[in-house]
Structure formats: structure tokens, C-alpha cells
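What follows is a set of notes on a single structure, which appears directly below.
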Amino acid sequence: MEKASDFIFKYPPNLRELDLATMVTMYRQRGEVKKAPPGQYIACSETKKVLREAKEWFGLYYSQEAWDALLTKGSGGYPMTEAEMNALGLIYSNRNEPPHREYVEKNTGTIPKLAYLLINDMKQFGFLKEDKNGFLTLTSSGEQALQGVAKRIYGKPFTEEMLAVYRTRDTGRPEKPRSGRTSDQDAGQTSLF
């Protein structure tokens, strides 16, 4: 599926190179205001204008106006990326059979350590709920956030074809994402394989 816009927050492509502590620190500090040292300036990644202070995103800086413009409709101020769209989309696509957290973490299109942080944050922000067995469901605000980020990236409401796991194989047909729930999980048994 072709994207309509690239104007969205993005995680660095080489995030894997960071150790866990550094990645967590950068993740937790995203959106914090960074002030330039006395006599120096920082530049906005979007407008390229020099600033005395800006919001930080994994080493990049954004003016308040650019930051606000990057926020998607329905996100409530939460910075959405394709990874968040994938997580929310997987849950939405499997709403009749809620997916397990582990399945969602593996299929967000980012590294597992970051996916773990994303799910925790989206739970705290009220976009999704997790039951005691680790199965995830979307809240109404989560659905609004999903639709907002999907419309920003693809220019239309969310469909399964937007998901990272919706790949075209040698057959040329897309693979439908599944929740990852197995009959062993349904029976309360732990899989040994």
C-alpha cells in the first residue's frame, strides 16, 4: 500500500545499536524541552530554524509548532509512529479474538525492547487494555488514535493492508494477520515449543 505522507515521528533506523539503558532514557525523554547552552542554538529538524529551546525526539529537535504539527488527530498529544499504528492495528484487526501481548510486540515493525515500552505507554495513556493473561484490547481512544495515524500516513481510514505483518509472499497474495492465540493458550496450557 502506498503512503500518502511521510510527515510523522520516526524511530531511528539504527536503534538496535543502542544498549537498553540508553534506548530507555531516549524513549522516556522524548518530547522534553531541551534548552541550548548559553551562546549556542539548536535547530528544528523540520523548519531548519535556529532556536534557543525545542522538543527532543531521539537526538532530533523540533520547535513547538513543528511538534504540534507532527502529532496526529486523536492521539491526545501522544507522538505516534508506524510502530504504534502497527500495534494498535493488530489489536483492532483481531478484536473478535484479542491478540496476546507477545504477538503484538513481535509484529510492531520495531525491535522487541522498544515494542515492550510502546505497549506499556499506550496502556498508561489509555489506548489499550491488557487482561491478566496478557491479551490486549483497544479502547475507544485507542481506535481514534489508530484512525488518526492511519489517515496521516495513508490518507484514509485504517485497513489491515497497512500493517507491517501484512506481507506479500511469493504467491503475490497478502498474508492475513492472526492474533497469535493458539489452542494451547486457549486451554490455559503453556506451549513448550
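The values are calculated or read from the model by the stated rules, or taken from the named source; none is laboratory data. For clarity, every value in this text was computed on a predicted model and none was experimentally measured. Every residue, glycine as well, gets a Cβ built from its backbone with ideal geometry; the counts of neighbours run over all protein chains shown. Just so you know, the surface numbers come from the protein's heavy atoms only, side chains and all, with ligands and any DNA or RNA stripped out. Shrake-Rupley method; radii C 1.70, N 1.55, O 1.52, S 1.80 Å.
Could you tell me which of rounded, prolate or oblate describes segment 6-86, using a ≥ b ≥ c as the square roots of the eigenvalues of the alpha-carbon gyration tensor, with rounded for a/c under 1.5 and, failing that, prolate when a/b is larger than b/c and oblate otherwise? Walk me through the numbers before you get to the answer.
On the way: a/c = 1.96, a/b = 1.20, b/c = 1.64.
Verdict is oblate for segment 6-86.
Which loop-located GluC sites (Glu not before Pro) does segment 6-46 contain, where loop means any DSSP state but H, G, I, E or B and the Cβ has at most 11 other Cβ atoms within 10 Å? Numbers along the way, then the final one.
Numbers: sites: E17, E32, E46; in loops: E32, E46.
Loop-located and lightly packed - E32.
Alpha carbons only, please: Rg and Dmax for the chain, in angstrom.
According to the Cα coordinates of the chain, Rg and Dmax are 18.2, 64 Å.
Can you give the net charge of the other residues whose Cβ lies under 12 Å from the Cβ of M23, counting K and R as +1 and D and E as -1?
On the way: positive: R16, R28, R30, K113; negative: E17, D19.
Neighbourhood net charge equals +2.
With a 1.4 Å probe and every protein chain left in place, tell me how much accessible area T159 has, in Å² to the nearest 10.
50 Å²
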